[in-house]
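The values are calculated or read from the model by the stated rules, or taken from the named source; none is laboratory data. Since this is a predicted model, take the numbers as computed values, not measurements. Glycine also receives a Cβ, built like all others from the backbone with ideal geometry; neighbour counts cover every protein chain displayed. All accessible areas refer to the heavy atoms of the entire protein, side chains included, with ligands and DNA or RNA removed. Shrake-Rupley method; radii C 1.70, N 1.55, O 1.52, S 1.80 Å.
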Amino acid sequence: MSAGTWGLAFAAAAGGIGTIAALVTVGPTRRWLVGILSGLSAAAGGATAILVLVGHGPVTVHLPQILPLAGVELNLDALGAVFVLAVAIVALPASIYGIGYTAHGLNRRSVQAMYPLFIVSLLLVPAAASVSTLLLLWEAMALTSLVLVAAEHRDRSEVREAAWWYGSMSHLSMIAILMALVVFAGHAPGETFEALRMSGRHLSSSTRSFVFVLSLVGFGTKAGVVPLHVWLPRAHPEAPSHVSALMSGAMVNLGIYGVLRVTWDLLGGGPIWWGITVLFVGVTSALFGILHALVARDLKRLLAYSTSENMGLILVAVGAAGIYSSSGNPMLAGVAITAALLHIVNHAAFKGLLFLGAGSVVAATGTRDLDRMGGLLARMPVTGAAFAVGSLAIMALPPFNGFVSEWLLLKSLVQGLPASSVAISVTMPIAVGAVALTGGLAAAAFAKAFGTGFLARPRSPQVEAAAEVGGTMQTGMVSLAVACLGLGLAPFALLDVLRRAGAALPSLWGGEPVRSVGVTLHTGGLTGSLSPLFIGGGLILLVVLIPVVLRLLGVAGRRRVAENWGSGRSLQTARMEYTATSFAEPLQRVFDDVLRPEFDLAVTHTAESRYYVEAVRYRVGIVDGFETHVYRPLIRVAKRWGEMSRWVQNGSIHRYLAYLFVALLIVLLVSQ
Amino acid sequence: MTVPAAVGALIQVTLVIAVAPILTGLMRATRAKLEGRAGPSVVQPWRDIRKLLHKERIKPEYSGWVFLLAPRVLLASGLMVVVLVPLITTATALGGSGDLFAVVYLVLLGTVFLVLAGLDPGTAFGGMGASRAITVAALAEPAFLLAIFALSVRAGSSSLATIVDSVLAEPRSLASPGSLLALAAVSVVVLAESGRLPVDNPSTHLELTMIHESMVLEYAGPDLAVVELASQVRLTIFLGLIANLFAPWGIAVTTHPADLAIGTGVVVAKLALLGVVIATFEVFVAKMRLFRVPELLTAAFILAFLAITMSFFLT
């Protein structure tokens, strides 16, 4: 057995023991054992991924005895390893965090037993190397996460509703994936990926397109792309926060993995409209996701919509890569695919961090409503600082990691034009505009999340009384914050190994798309370079130096604390502050046509005079348009259909016997 | 990074810090002249900064480290941009460390910190300014990035030095419709990002109409001095960018001392000219209603979009 095989075996074993430990132990022992064993499992998975990425070759495991007929085929190549690495980056800190977090009423047997299994399934899905293995692991991932989403179903009815949505959507997506892969495998000599890869290019173009569309729908649902995203803003907020971190930082990525694996590896790429479709799906998700994140009041819902947005950005890069490769520019495709892969790892780090931060806030205050928060930075300094790092990273600001991948993404979109075709010259400017608008709105959304959640003064008593969370939770958050800074200052190490992942997608890779010379990144195609270490390091150095210079100029160091000035207004209360809703109001007004908010403004006047106002009540509700206009009617139709079919199944044994008789007759007639 | 490159960058930083307050002073003086007032001297902003530096430091009651850090981050991000942008010479500028896209994100970093600082003390005006500033920034960013796209396509590079060099090598490319549209788009974005009329009135005294000024209402003393200097540095960078992207003549292409001296003189002259032009323009326009600003920025977005299409179809 090679080192990589041992790594995967250890990851699976640690997870399995974690599940058993959760079943047989109780109390704090259970929390610690589950946390440590899941963490070990994630660490082993991450180590295996790194081994593969630095060039140890793929890890292959063949276990014929586990599944009847097909057996389990695992093959972790460099492409899969990037996704395993992204899983490990979130799963390790999330597991440590979970030790403390599950003490808040989540230390139940069912929840704790599912958690290690969920991590193992996340780690193994990218290693699956046959259709049956992939489907089996995919289903394991969906079911374990469903149990975890429903963890608090006894406490809140929203959890039950979220679990229904999540379960239904993930099974509909399973059907799409199943159909795509079964049809694909039916036209191939076998069901291993090897066999599919050999025949992928030789299928008829209608079969190829059928497989592409269905796999985009199936995997896209998992990635939370619009309009298949509806489960995401429900399930992610209701799940326990360390599970949300895993779902948002790790699980949704596997949707992107599926699209890449099936479309550009197994099918070997396709016509240009595939790329254009993926790009526009990405653009729509990015814009729709960030607009809803911008107006969300619920902190975790905001983060969930932002996941939709980030998956959109990644799909924009994937789509651009597809377009470039179909129009004969594999090197430009390579830049785009590098941007996509780097953003996947970065997104895992900062979204994991933000969900863990949100979890700490929920644990400390019991609310997710941004309008009731405020002043948390003073009460929870570590959580607040970690959340600040995550927010700056997701806004793509230097010196954090989001900046590097967003820069690469924009670069990859811009560079197509000089070497252009009409398709490129029309789609790329639209994509750049959309990505840029998304970036601007993301800055607004996360300035809102951090600014109104953690700054200013508390807007409710339970937030006023909040206290910092415990050591394990802090460790989880701080380690991810360090990862965000490290990946932002020194992405070179990662970019060098991403080359191997790109090489696993030969149709999207050519030449040397992104190379790092010293600490500077250069991209192929349109020139222009970036040295994140220099920019980030320079910024940090200047921020440190400015007070020193001021001191040398004779400026006093001490500060006197004084009452807020507020333009001469005395006796400020927290009620005078801008809330999250009011902060986002101007942008909400600008995007009125898309968001279609429902207002309700009631002004009560005093009895003495109409000119004096006694109270103003303002209520604004923003609902997801896809949910009300697409899904609700569909659900209604499905319900009616179900009710119509009820008379077929009325419990009468005679009728069932009649059905059997008729069915038998039909079979006999048909087989004649 | 070679030694002359570092020297060039240092000269640029020193020059910008020295010139930025004077540029603001010049704009105020021009405006005063045109309005028939005597107005303060052009070095008044420097005197203000000196005065503020020696006042007491005040920290509002409920604010935290974000409030204290914001002025420094604002100034640091501005100075980082100065290091990257070719103002005096294209040969220094550590240009390889960052391109135009990096500039956009550095500018956004400063804006975001100022917005957070506006929210931190928890006053109503601070929040109001923060909310408006982020609205403008969010909508200006797409126009800015698309304009950069148009410029990069023309030069085949997003590196600032290469764009400038390509204009120097082929001045005719400036007269193309693509370049002119990009210039228009960038100008609108610059007015919005640096808080000038018609988007924001830098000399307003009415809090309800403020954007930038209401975010910094709680700053006093040395912190206010840093905020003021940083905003002036920002304006200088933006004007310097416009000057050198669209009229780069006179910029040094080597690090020879004589060339650097000429480059310095020329860039100061260009900044003064642009400052006077903007100040004159500001005399004749009124501030826009806040909810008309998105329309202006959308127009800039469309101009930038047309610039790209033009540069593709008309070359």
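Of B:Glu218, B:Glu282, B:Glu228, all but one fail to be within 17 Å of the chain's Cα centre (by Cα), over 27 Å from B:Gly8 (Cβ atoms), at pLDDT 85 or above and acidic (Asp, Glu); the exception is B:Glu282. Does at least one position in the stretch A:96-108 carry a residue that is over 22 Å from A:Ala481 (Cβ atoms), open to solvent by less than 20 Å² (accessible area, probe 1.4 Å) and not assigned by TED's automatic domain parsing to the domain that holds A:Arg499? Yes. Taken over the stretch B:198-226, the criterion of being closer than 28 Å to A:Leu552 by Cβ, of a type in the set (D, E, K, R) and outside any helix (DSSP H, G or I) is satisfied by B:Glu218 alone. Closer than 22 Å to A:Phe83 by Cα and part of a helix (DSSP H, G or I) - does that describe any residue in the stretch A:286-301? Within the stretch A:286-301 (the criterion being closer than 22 Å to A:Phe83 by Cα and part of a helix (DSSP H, G or I)), the answer is yes, since at least one residue qualifies. Scanning the stretch B:46-82 for residues that are within 15 Å of B:Val13 (Cβ to Cβ) and either at the interface with chain A (Cβ under 7 Å from one of its Cβ atoms) or in contact with a Cys (Cβ under 8 Å, 6 or more places away or on another chain) (or both) yields B:Leu75, B:Ala76, B:Ser77, B:Leu79, B:Met80.
Of everything listed in (1) of a type in the set (A, V, I, L, M); (2) buried (at least 24 other Cβ atoms within 10 Å of the Cβ); (3) touching a residue at least 12 places away in the same chain (Cβ under 8 Å); (4) facing another protein chain (nearest Cβ under 9 Å), the single unmet condition for B:Met128 is (2).
Looking at the stretch A:559-653, the helices (runs of 4 or more DSSP H) lying wholly inside it that each contain 3 or more residues that are more than 26 Å from the chain's Cα centre (by Cα) and surrounded by 12 or more Cβ atoms within 10 Å (Cβ to Cβ) sit at A:580-590. In this entry, A:Ser168 passes the filter for residues that are of a type outside the set (D, E, K, R), touching a residue at least 60 places away in the same chain (Cβ under 8 Å), surrounded by fewer than 17 Cβ atoms within 10 Å (Cβ to Cβ) and more than 17 Å from A:Val262 (Cβ to Cβ).
The residues of the stretch B:156-191 that are open to solvent by less than 10 Å² (accessible area, probe 1.4 Å), within 14 Å of chain A (Cβ to nearest Cβ) and touching a Pro at 6+ places or on another chain (Cβ under 9 Å), listed by number, are B:Leu160, B:Ile163, B:Val164.
The set of residues from the stretch A:114-129 being open to solvent by less than 10 Å² (accessible area, probe 1.4 Å) and under 20 Å from A:Leu146 (Cα atoms) comprises A:Tyr115, A:Pro116, A:Phe118, A:Ile119, A:Ser121, A:Leu122, A:Leu123, A:Val125, A:Pro126. For A:Arg457, the criteria (1) touching a Phe, Trp or Tyr at 6+ places or on another chain (Cβ under 8 Å); (2) open to solvent by less than 10 Å² (accessible area, probe 1.4 Å); (3) at pLDDT below 90 hold in every case but one, which is (2). When the stretch A:469-527 is limited to residues that are at positive phi and either within 14 Å of chain B (Cβ to nearest Cβ) or open to solvent by less than 50 Å² (accessible area, probe 1.4 Å) (or both), the one that is modelled with the highest pLDDT turns out to be A:Gly518.
Given the structure, is B:Phe113 open to solvent by less than 10 Å² (accessible area, probe 1.4 Å), aromatic (Phe, Trp, Tyr) and within 11 Å of chain A (Cβ to nearest Cβ)? For B:Phe113, the condition - open to solvent by less than 10 Å² (accessible area, probe 1.4 Å), aromatic (Phe, Trp, Tyr) and within 11 Å of chain A (Cβ to nearest Cβ) - is not met.
Does at least one position in the stretch A:532-549 carry a residue that is assigned to a loop (DSSP other than H, G, I, E, B), on the phi < 0 side of the Ramachandran plot and facing another protein chain (nearest Cβ under 8 Å)? No, the stretch A:532-549 contains no residue that is assigned to a loop (DSSP other than H, G, I, E, B), on the phi < 0 side of the Ramachandran plot and facing another protein chain (nearest Cβ under 8 Å).
Within the stretch B:222-256, the only residue that satisfies the criterion of being acidic (Asp, Glu) and open to solvent by 40 Å² or more (accessible area, probe 1.4 Å) is B:Glu228.
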